[in-house]
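Chemist: Here it is, the structure in full.
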Ligand code: SF4
């Protein structure tokens, strides 16, 4: 699977309150959530983002609350994947569970500039910066997590488990 | 190889003798929790799995606390959905407004959490129950749905950092100052993916409420869980609140820790975290002149009896500064009632503070005390991210109830020592 798009670049500790502010959590409609994505850190994001674009950030991306609304808002806004130096634990888990690809790659996270054209190959685990002419290798997912992704997220995995029980 | 306290609890719930850090395991769950923000997202997933019944109707807990009493039509719809689910599934532990509380204050009080439990909650502060020697951690809505359907989930076994506490805190200093101090030292990702295991003689000098506050904020250091050893205070608490069976786990003598921190509680000052991260801490003596528009005292971090008593001690016979709003919200209905009976409610109201029903309201910028552009709050809650309590250009300073109450009187960030 290959994704292509331009980069939106943010710093360290981007928290779930700026990804999707709590004042919008009285609504769980994904499209409504997506329309406020990144609002408190980058008000222009929702108007500039196009299908396939990539969020690039520093350390501890997605820290804070357990709201699945955060990866969901990002995914529904059209973002194809998030690249960061590191991810906060619950965000990492939620992203996998809902099928938003996320990649940890410190070098890429530090070097990619806003607006750079990126191509991300999830199967090969490579990130290509077409603007800067550079390619980065990332860690593939652990096998168990691959199984969840292959089962179309955690729900698919659980479905199989439940059928196994019956 | 020795295991940490967390690893031992997880091993037992995975039916294993031994687990090691980094390993992926499947563990049985003793409790699955959700609230009015996360449960509505979990319900369609629960259906998609093909589940028709929760794995155990006594072990699924749903607490509408974030936007309740219903803030608006959207929140009313959410609450309606989860109420209907609770009725359909015949859930014993669904707590309606009137008997509810902020989930992490409520569950221990209702005796739903005991030492040795494994608990997941679709709320990041689920880590609070580590105060009782349980393994508890925050997860998302899809995880909640799967947990409700199967009664088990997957975990990556965490490494741990040990926090060896010695000594006794100075007057006015509480668990809130200790945990803010620790987060200031290690940073908001200082314990990312790891357990924070507290130990040492100093633990005995912490009240249960101190421990709840500290475990509550483990997530603010990025931790998977925070956990305390079980001692006499824990067991007294458990006997007073629960009839559930429990099991006491202890870390092995030769448990491996990624880091060990020695912390002398007597050296910890009253501590304030500046915007916009809980790690931006300073001793209250070094904050300078910071004018405050609103003071918020309560939440799952500091809405318990210790906190309200401390607040009353500071506010008694005094008045909240002119043009400042002081909002006090207790953790649960039981705490609310106790505060009334002990005369604390009277002290609050006479001082000119608002004494609210339990709700998450102002803590997450939901309702009941939102900040305008450029406004500043001192809050006993746990997060001071950009926009957390209102306008993206407002500011939140995190502190203990004593510092927050003192600041409400003077109108600027203040120490209770100098009133
Ligand atoms: S009081 Fe605040 S931190 Fe605690 S559960 Fe409610 S919103 Fe979350």
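Chemist: When the helices in chain B are scored as -39500 (n - 2.57) per DSSP H run of 4 or longer and the sum is shared across all residues, what 222 nm value do you end up with, to the nearest 500 deg cm²/dmol?
Modeler: Value at 222 nm, helices only, nearest 500: -8500 deg cm²/dmol.
Chemist: I need B:327, B:370 ordered by Cβ neighbour count within 10 Å, fewest first.
Modeler: Working: B:327 21, B:370 17.
Least to most surrounded, the residues fall as B:370, B:327.
Chemist: 222 nm [θ] for chain A, helices only, -39500 (n - 2.57) per DSSP H run of 4+, per residue, to 500? Numbers along the way, then the final one.
Modeler: Details: 8 runs with 57 residues, N = 166.
Result for chain A, helices only: -8500 deg cm²/dmol.
Chemist: If you don't mind, there's one more thing I want to ask. Kindly rank B:350-356, B:293-299 from highest to lowest mean number of other beta carbons found within 10 Å of each residue.
Modeler: B:293-299, B:350-356
Chemist: Further question: Among B:180, B:364, which comes first, second and so on when ranked by fewest other beta-carbon atoms within 10 Å?
Modeler: Numbers: B:180 29, B:364 23.
Placing the least packed residue first, the sequence is B:364, B:180.
Chemist: Also, I was wondering about something else. Based on the Kirkwood radius over alpha-carbon pairs, what value in µm²/s does the Stokes-Einstein equation return for the translational diffusion coefficient of segment A:50-105 at 20 °C and 1.002 mPa s?
Modeler: Rounded to a whole number, D works out at 196 µm²/s.
Chemist: Sort B:41-49, A:62-70, B:341-349 by the packing proxy (mean of other Cβ within 10 Å over each peptide's residues), most packed first.
Modeler: My ranking of the peptides, most packed first, is A:62-70, B:41-49, B:341-349.
Chemist: On to the next question. Rg(Cα) of segment A:20-59 divided by 2.2 N^0.38 Å?
Modeler: Segment A:20-59 yields a ratio of 1.23.
Chemist: Ok, one more. What average count of beta carbons from other chains do you get within 10 Å of the Cβ of residues in B:342-355?
Modeler: Mean partner shielding for this stretch: 0.
Chemist: Could you work out Rg/(2.2 N^0.38 Å) for segment B:309-383, with Rg from alpha carbons only?
Modeler: Computed over Cα atoms of segment B:309-383, the ratio equals 1.11.
Chemist: May I have the convex hull volume per residue, in Å³, for the Cα set of segment B:32-179?
Modeler: 133 Å³
Chemist: On the Cα set of the protein assembly as shown, report Rg and Dmax in Å, please.
Modeler: 22.7, 70
Chemist: Rounded to the nearest 0.05, what FRET efficiency is calculated for residue B:201 and residue B:24 with R0 set to 56 Å and r the Cβ-Cβ distance?
Modeler: On the way: r = 36 Å, r/R0 = 0.64.
Working from the Cβ atoms, E equals 0.95.
Chemist: Let me ask another. Would you mind estimating how fast segment B:214-304 diffuses translationally, via Stokes-Einstein at 25 °C and 0.890 mPa s with the Kirkwood radius over Cα pairs, in µm²/s?
Modeler: Taking Rh from Cα pairs, D becomes 143 µm²/s.
Chemist: Report, as an integer, the average count of C-beta atoms from other chains found within 10 Å of each Cβ along B:124-136.
Modeler: Per-residue shielding by partner chains comes out at 1.
Chemist: Now for a different question. What's the extension gain from residue A:35 to residue A:110 if we count 0.36 nm per residue and subtract their Cα-Cα distance?
Modeler: This chain segment gains 24.3 nm when fully extended.
Chemist: Rounded to whole Å and sorted largest first, list the principal axis extents of the Cα atoms in chain B.
Modeler: 58, 51, 39 Å, listed from the longest principal axis down.
Chemist: Could you let me know the centre-to-centre spacing of segment B:373-419 and segment B:53-127, using Cα atoms, in angstrom?
Modeler: 29 Å
Chemist: So how long is each side of segment B:291-419 along the principal axes, counting just the alpha-carbon atoms, biggest first, in Å?
Modeler: For segment B:291-419, the Cα spread along each principal axis is 39, 31, 20 Å.
Chemist: A further question follows. Would you kindly give the portion of the calculated P(r) for segment B:112-228 that falls above 20 Å, as a percent of all Cα pairs?
Modeler: Above the 20 Å cut-off, segment B:112-228 has 38 percent of its Cα pairs.
Chemist: Still on this structure, I have one more. Using Cα-only point scatterers and the Debye equation, what is log10 of I(q)/I(0) for segment B:34-113 at each q in 0.11, 0.16 Å⁻¹, rounded to two decimals?
Modeler: -0.27, -0.57
Chemist: Would you list A:8, A:144 from fewest to most Cβ contacts within 10 Å?
Modeler: Fewest-to-most ranking of A:8, A:144: A:144, A:8.
Chemist: Let me see the pair-distance distribution of segment A:12-150: every alpha carbon pair, 5 Å bin width, integer percents in order.
Modeler: Values per bin, smallest distances first: 2, 10, 21, 24, 22, 13, 6, 1, 0.
Chemist: Separate question: Averaged over its residues, how many other protein chain Cβ atoms are within 10 Å of peptide B:367-374's Cβ atoms?
Modeler: Other-chain Cβ atoms within 10 Å of each residue's Cβ, averaged: 0.
Chemist: Ok, one more. Arranged from highest to lowest average of other beta-carbon atoms within 10 Å per residue, in what order do the peptides B:396-408, A:40-52, B:259-271 appear?
Modeler: B:396-408, B:259-271, A:40-52
Chemist: Tell me, in nm to one decimal, what length is gained between residue A:43 and residue A:147 on full extension, where the rule is 0.36 nm per residue of separation less the Cα-Cα distance?
Modeler: Computed gain between residue A:43 and residue A:147 is 33.8 nm.
Chemist: Relative contact order for segment B:298-373 using alpha-carbon pairs under 8 Å, separation at least 6, rounded to a whole percent?
Modeler: Worked out over segment B:298-373, it gives 35 percent.
Chemist: Beyond 17 Å, how much of the Cα-Cα pair distribution for segment B:163-275 remains, as a whole percent?
Modeler: Numbers: 3516 of 6328 pairs.
Roughly 56 percent, once rounded to a whole number.
Chemist: Calculate the spin-label point distance for residue B:77 paired with residue B:52, positioning each point 7 Å from the Cα along the beta-carbon direction, and give it in nanometres.
Modeler: 2.9 nm
Read the figures in this text as sums done on the coordinates, not as results from a lab. On a predicted model such as this, the values are computed, not experimentally measured, just so you know. We place every Cβ from the backbone using ideal geometry, glycine too, and count neighbours over all the protein chains shown.
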